[in-house]
Amino acid sequence: MPEQVIDPKILILSSPSGGGKTSLALALVKGRTDAEIAVSHTTREARSGEVDGIHYRFVDSDTFRKLIHEDAFIEHASVYGNLYGTSRVAVNALLESGKHAILDIDWQGARAVRECYPRAISVFILPPSVDELEQRLRERNQDSESVIRQRMDKAWEELSHQDEFQTVLVNEDFDESVACLNRILDSSDHG
């Protein structure tokens, strides 16, 4: 039976695209029974290897807009021409089950979540350098050159919002970054 947390929290992980937030979120929950990623909805096409309900809930634009109208999202945004949203029901279900809810979202979404859940813990993930960020985007082999340029241009804007977060974590050593996130969650477990 999964470990129940006395006071489950929302842990927000944000970063520029390629900063490592998704990989860190996956590694964090893999090593814990008391935390799960709250799966976001998106209108973008699934990438190779992505599974509906695991990586995202893939929906069409009409369905997404209907969910917005029904106030189903804590936050939602248009990013690179696709819609993304965090389900209110999914987050509350995790908290009510005694699990920490891990959110992998951008800075704007983080701001909206903190308005709804002021006790949410927010961590901004930085790559070791902007050059490293670009290298990571290229090594993913998921985007065209123009999309990589867009993501790099947007990264500068995203980096300017890091001071809105409680913690800024430089993701230079992946295992140490995961250990740091575990310490952040554990230090908040009983308080």
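The values are calculated or read from the model by the stated rules, or taken from the named source; none is laboratory data. Note that the structure is a prediction, hence the values are computed from the model and not measured. Here Cβ is always computed from backbone atoms with ideal geometry, including for glycine, and neighbour counts include all displayed protein chains.
Before moving on, here are some points about what is shown:
- The single condition among (1) without any contact (Cβ under 8 Å) to a residue 40 or more places away in the chain; (2) in a helix (DSSP H, G or I); (3) of a type outside the set (Phe, Trp, Tyr); (4) in contact with a strand residue (DSSP E or B) (Cβ under 7 Å, 6 or more places away or on another chain) that Thr22 does not meet is (1).
- Restricting Ala112, Ala77, Ala155 to those that are in contact (Cβ under 8 Å) with a residue 24 or more places away in the chain, closer than 14 Å to Ser15 by Cβ and either touching a helix residue (DSSP H, G or I) at 6+ places or on another chain (Cβ under 6 Å) or in a helix (DSSP H, G or I) (or both) reduces the list to Ala155.
- The one condition in (1) surrounded by 13 or more Cβ atoms within 10 Å (Cβ to Cβ); (2) more than 15 Å from Gly18 (Cα to Cα) that Pro118 fails to fulfil: (1)
- Applying the condition of being in contact with a Phe, Trp or Tyr (Cβ under 7 Å, 6 or more places away or on another chain) and of a type in the set (A, V, I, L, M, F, W, C) to region 16-51 and asking which residue is surrounded by the fewest Cβ atoms within 10 Å (Cβ to Cβ) yields Ala46.
Per-residue answers, yes or no, for (1) farther than 27 Å from Asn182 by Cα; (2) hydrophobic (A, V, I, L, M, F, W, C); (3) modelled with pLDDT of 95 or more:
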position: Arg47; (1), (2), (3): yes, no, no
position: Tyr56; (1), (2), (3): no, no, no
position: Asp60; (1), (2), (3): yes, no, yes
position: Arg65; (1), (2), (3): yes, no, yes
position: Ile68; (1), (2), (3): yes, yes, yes
position: Phe73; (1), (2), (3): no, yes, yes
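- When Ala101 is tested against (1) of a type outside the set (Ser, Thr, Tyr); (2) assigned to a helix (DSSP H, G or I); (3) under 17 Å from Tyr56 (Cα atoms), just one condition goes unmet, and that condition is (2).
- Count of region 165-181 residues which are assigned to a helix (DSSP H, G or I) and either exposed (fewer than 15 other Cβ atoms within 10 Å of the Cβ) or of a type in the set (A, V, I, L, M, F, W, C) (or both): 7
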